Amino acid sequence: MFHPRPCGCKGQRTCLVCEKEFGALNLTDSWLSEDNKRNSYVFCPLCELAWPGWEGDSWKVHPNHEGESIKFTGAKVILNLLSEAEEKTLMTQIDEVPWDLSQSGRKKQNYGPKCNFKKRRVRVENFSGYPAFTKFIQDRFSSVDILKRFQTVEQCSLDYSVERGASIDPHIDDCWIWGERIPTLSMLSDSVLTLRKFVGAEKKYNLMERKHYPSVMTVQGTVKEDSEIIESFKGDFQNVDAEIASNNGIQESPLNSQMIIRLPMPRYSLLILFGPARYEWEHGILRQDIIDRRVCITYRELTPTYLPFGPQSEIGRQILEASKQFWDHRKFYNLDISDGM
């Protein structure tokens with residue numbers, strides 16, 4: 001079962017289709033132990049504290065939370081970034097673009113440079129920007145303080161299907177070229193991002209690359225000025241951002257290694273990961289948390305290494321130049337769709 005399958009799964013990744021047709025072993029949600037589930041906290045987007053519990057919508061009792069809260073650093077949820085009408089129009093246009101099969105019951109539409117994370121190589125020549133109908137979302141980022149100077153260099157849409165048992169395994173987004181802030185827009189249904197503390201080698205996810213560039217965020221959740229980042233590059237980085245590295249975002253507790261953080265991703269909302277939540281916690285989506293069709297769009301920025309003041313600025317310049325392009329998806333895919341459909 002380690003070869004690619006018609007459903008898009010490969011390796012140990014499975015969906016309901018290959019579990020039924022090929023007898024693949026379902027390990028989808030096996031990464032959580034019972035101890036994890038007993039020590040879970042749900043992040044509240046309104047008070048920005050995590051409270052004991054499991055259900056992803058339990059934050060809606062705010063301000064009448066129960067139990068003792070903990071601080072969790074590195075997550076921001078912007079509620080209602082989209083309106084219902086905007087979502088309807090956007091989803092119509094997204095579905096006009098062909099979807100590619102992906103693993104674990106998902107489908108995807110991906111726009112960005114071609115990256116080989118193991119060899120740390122990037123190819124820009126086939127990257128030509130994004131569908132024009134998504135431009136308003138990127139433009140709207142400028143109104144979000146935490147996304148100050150965010151420059152999108154990859155835009156990835158994912159389609160989670162209940163019928164296919166869609167999920168995504170716990171992981172940390174690669175740290176070699178993708179930068180600190182990771183915004184994700186959620187549409188069609190509510191879901192939950194489940195986080196567990198990462199324990200493993202630095203080479204996994206290219207986490208060791210964090211030693212070669214500074215953070216763009218402070219522990220207070222504000223964006224640093226370019227001058228602060230440029231000044232950081234003048235130093236000898238042995239341990240970048242000791243301020244953030246020394247604060248894992250969770251209060252001291254003997255159960256830290258077993259704690260689970262559940263981040264709500266309500267319909268129409270934008271979830272932004274940064275700092276400790278970005279680098280110190282693996283995040284995934286459980287099959288049980290896909291209750292209806294869910295489509296999300298995740299955006300990525302470059303690490304400071306590839307920005308104009310960084311040592312790989314020339315490659316970064318090419319990527320950023322391509323990222324300025326927006327094109328008509330109907331012309332690109334030769335679609336003949338009448339107005340109003």
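Read-outs: derived from the displayed coordinates by stated rules, not from any lab. Remember, it's a predicted structure, so these values are computed and weren't measured experimentally. Please note: Cβ atoms are built from the backbone with ideal geometry, for glycine as well, and neighbour counts cover all protein chains shown.
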Scan the range 169-206 for residues that are under 17 Å from Asn36 (Cβ atoms), in contact (Cβ under 8 Å) with a residue 24 or more places away in the chain and of a type outside the set (Asp, Glu) and report the count. 10
Any chance you could count how many residues in the range 185-223 are more than 23 Å from Met259 (Cα to Cα) and touching a strand residue (DSSP E or B) at 6+ places or on another chain (Cβ under 7 Å)? 8
Working only within the range 20-46, note down all residues that are crowded, with 19+ Cβ neighbours inside 10 Å and outside any loop (DSSP other than H, G, I, E, B). Ser40, Tyr41, Val42, Phe43
Looking at the range 148-163, can you tell me whether even one residue there is in a strand (DSSP E or B), of a type in the set (Asp, Glu) and farther than 30 Å from Gln318 by Cα? no
In the range 260-285, the residues that are under 19 Å from Arg38 (Cβ atoms) and touching a Ser or Thr at 6+ places or on another chain (Cβ under 7 Å): Ile260, Arg262, Gly284
All-but-one check, Leu195 against (1) over 30 Å from Pro131 (Cβ atoms); (2) in contact with a Cys (Cβ under 6 Å, 6 or more places away or on another chain); (3) buried (at least 22 other Cβ atoms within 10 Å of the Cβ), failing number (2)
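Matching residues to (1) under 30 Å from Lys211 (Cβ atoms); (2) crowded, with 16+ Cβ neighbours inside 10 Å:
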site: Leu270; (1), (2): yes, yes
site: Gly275; (1), (2): yes, yes
site: Arg287; (1), (2): no, yes
site: Arg293; (1), (2): no, no
site: Glu301; (1), (2): yes, yes
site: Leu307; (1), (2): yes, yes
Taking the range 116-131 as the search range and keeping residues that are buried (at least 16 other Cβ atoms within 10 Å of the Cβ) and touching a strand residue (DSSP E or B) at 6+ places or on another chain (Cβ under 6 Å), which one is farthest from Tyr160 (Cα to Cα)? Val122
So how many residues does the range 47-83 have that are of a type in the set (A, V, I, L, M), farther than 30 Å from Lys135 by Cα and assigned to a strand (DSSP E or B)? 2
Of the residues in the range 90-110, those that are within 14 Å of Ile290 (Cβ to Cβ) and not in a loop (DSSP other than H, G, I, E, B) come to Arg106, Lys107
